[in-house]
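Read the structure below first, then the notes.
The values are calculated or read from the model by the stated rules, or taken from the named source; none is laboratory data. Remember, it's a predicted structure, so these values are computed and weren't measured experimentally. Virtual Cβ from ideal backbone geometry, glycine too; neighbours counted across all protein chains shown. Each accessible area value is taken on the protein alone, full model and side chains, heavy atoms only, with ligands, DNA and RNA left out. Shrake-Rupley method; radii C 1.70, N 1.55, O 1.52, S 1.80 Å.
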Amino acid sequence: MFDQLREAGFQVEFHSHAEAILLGDFPEVERELEEVLLGATIPVEEIIAGGGGEAKGTQRLRRGLQAHGWATVTFTVEKLINKVPREAISHKMDHVKTYALTGGGQGTVAMEIEWNNKDPFYDRDLENFKRLHAEGTISVGVIITRGRLLHDRMPELVQRFFDVRQIQGFDDLLRWGYDPTGKQRAAIVKRVERARNPLTFREAFVSKFVSDKFGEATTHWRKLEERVHRGVGNPCPLVLIGLPDSIVTFGEPEAELKSIIAEAQQEAEPEE
């Protein structure tokens, strides 16, 4: 299952019989996710202009899912004592779809996309899946996140952008929609001007940008894998999908870059 994604470099893992459940009851999920994910790209300029926030590419991915009927849903679980409401817990899920089952009835799959958030968001997602599965509300939970290779190669990808665009200083960055904070500028200058083992501007910026925006405490494959392997979210059936480094593209037409950068800046605020 998801053979086309694997061939394209995506990581795919199934837990708690999720593959058998999808094959038996939700075969459309494979077709829909492959159609959306195989067409997804994130121009490197969006990553820079967005300051590491959610790229327009991942937002296009979200819209692609919405076009297939995946909608944002807030589930509310209420506890009643003698028909009197005592407790209500809400779980907002970004992508939810209900399918008709071949044997009759309906079943629901829930999905979250964690492109670049703080890694505790995985705990929230997995615990929500667990609770909703226990209540019989969802059959499978899916998480899409940065794959291992995409995370590890982020410094190389940002460095390549700097080399191709011949970024030499802070003024050059403004053209691409990124203006470091005063604190970030000071840290970069310090690394460039230090007496021992000084860095070039490009080296200093790449190191600082990636560590700040795509560090180990953000949402990426290893952080997700750690939680799942120690049982967070268990026993909800899970599908984990890691985005490959090939999703980041270079060489976008110059005419399109202004709109790409402007849109990325507008959407650069962190997710709630």
**Asked** List, please: which pairs have Cβ atoms under 8 Å, are six or more places apart or on different chains, and start with a residue in region 143-156 that is more than 24 Å from residue 30 (Cα to Cα) and end with one that is in a helix (DSSP H, G or I)?
**Response** 151/221; 151/222; 153/245; 154/210; 155/206; 155/207; 155/210
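Conditions (1) at pLDDT 95 or above; (2) open to solvent by 50 Å² or more (accessible area, probe 1.4 Å); (3) over 22 Å from residue 22 (Cα atoms), marked per residue:
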{"residue": "99", "(1), (2), (3)": "yes, no, no"}
{"residue": "103", "(1), (2), (3)": "no, yes, no"}
{"residue": "110", "(1), (2), (3)": "yes, no, no"}
{"residue": "114", "(1), (2), (3)": "yes, no, no"}
{"residue": "146", "(1), (2), (3)": "yes, no, yes"}
{"residue": "170", "(1), (2), (3)": "no, no, yes"}
{"residue": "174", "(1), (2), (3)": "no, yes, yes"}
{"residue": "177", "(1), (2), (3)": "no, no, yes"}
**Prompt:** Which pairs do you get when a residue that is closer than 15 Å to residue 127 by Cβ, found in region 68-94, comes within reach of a residue that is among the acidic types (Asp, Glu), reach meaning Cβ atoms under 7 angstrom, with the pair 6+ apart or on two chains?
**Reply:** 77/135; 93/112
**Request:** Scan the helices (runs of 4 or more DSSP H) fully inside region 165-252 and keep the ones with 3 or more residues being of a type in the set (Phe, Trp, Tyr).
**Result:** 201-213
**Fill in**
When (1) surrounded by fewer than 18 Cβ atoms within 10 Å (Cβ to Cβ); (2) in contact (Cβ under 8 Å) with a residue 12 or more places away in the chain are applied to residue 2, the one that fails is (1)
**Prompt:** Looking at region 159-167, is at least one residue modelled with pLDDT under 95, among the β-branched types (Val, Ile, Thr) and surrounded by fewer than 19 Cβ atoms within 10 Å (Cβ to Cβ)?
**Reply:** yes
**Prompt:** So residue 27 fits all but one of (1) touching a helix residue (DSSP H, G or I) at 6+ places or on another chain (Cβ under 6 Å); (2) open to solvent by 40 Å² or more (accessible area, probe 1.4 Å); (3) of a type outside the set (D, E, K, R); what number is the exception?
**Reply:** (1)
**Request:** May I ask you to say which residue of 34, 13 is open to solvent by less than 50 Å² (accessible area, probe 1.4 Å), out of contact with any Lys or Arg (no Cβ under 9 Å at 6 or more places or on another chain), at negative phi and not in a helix (DSSP H, G or I)?
**Result:** 13
**Fill in**
The condition of being of a type in the set (Asp, Glu), more than 15 Å from the chain's Cα centre (by Cα) and closer than 20 Å to residue 147 by Cβ holds, among 45, 32, only for 32
**Request:** Return only the number of the condition from (1) open to solvent by less than 40 Å² (accessible area, probe 1.4 Å); (2) under 18 Å from residue 133 (Cβ atoms); (3) modelled with pLDDT under 95 that residue 52 does not satisfy.
**Result:** (2)
